[in-house]
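Undergrad: Quick one: this structure, given as structure tokens, is what I'll be asking you about.
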Amino acid sequence: MSNEKMKMELKELKKALEKALIQGTVAPPCVQTTTTRKELVKSMGQSRVERLKNSSSNYISNFQSSAKGAWVTKVKTTFENTSTKLTTITKEGK
């Protein structure tokens, strides 16, 4: 082999080794950090949706006891539909 060819192969081997080191040492913590952040955001979103559903349920309960008339039933139905949609959204997001 010529000296120039050996230098090129050594350079390529060094580059491959550097890539392997980066993939083996730097990439796993970065992947773990990304995974952790995704799980945190998902958890935060689910807890916010749950709080919204609970607030909605409490509101309609209080609303129903203080308001009168046929339109109250429509409002209740609308809130229940919204709650159902929120449940669907959170299940699809899992």
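The values are calculated or read from the model by the stated rules, or taken from the named source; none is laboratory data. What you are looking at is a predicted structure, and each value in this text was computed from that prediction instead of being measured. Here the Cβ is made from the backbone with ideal geometry for all residues, glycine too, and neighbour counts use every protein chain on show. These area figures cover heavy atoms from the full protein model, side chains too; ligands, DNA and RNA do not enter into them. Shrake-Rupley method; radii C 1.70, N 1.55, O 1.52, S 1.80 Å.
Undergrad: How many residues are open to solvent by less than 60 Å² (accessible area, probe 1.4 Å) and among the hydroxyl-bearing types (S, T, Y) if we restrict to region 36-65?
TA: 2
Undergrad: Quick check on K76: is it open to solvent by 60 Å² or more (accessible area, probe 1.4 Å), outside any helix (DSSP H, G or I) and either at pLDDT below 80 or in contact with a Ser or Thr (Cβ under 8 Å, 6 or more places away or on another chain) (or both)?
TA: no
Undergrad: Could you please let me know if K68 is more than 15 Å from the chain's Cα centre (by Cα) and either assigned to a helix (DSSP H, G or I) or surrounded by 10 or more Cβ atoms within 10 Å (Cβ to Cβ) (or both)?
TA: Values: more than 15 Å from the chain's Cα centre (by Cα): yes; either assigned to a helix (DSSP H, G or I) or surrounded by 10 or more Cβ atoms within 10 Å (Cβ to Cβ) (or both): no.
Answer is no for this residue.
Undergrad: Another question, if that's okay. Is it fair to say E50 is assigned to a helix (DSSP H, G or I), among the acidic types (D, E), under 18 Å from F79 (Cα atoms) and under 19 Å from the mean Cα position of the chain (by Cα)?
TA: yes
Undergrad: So, in region 25-35, of the ones that are open to solvent by 80 Å² or more (accessible area, probe 1.4 Å) and under 19 Å from the mean Cα position of the chain (by Cα), which residue ends up modelled with the highest pLDDT?
TA: Taking the candidates together, the pick is Q32.
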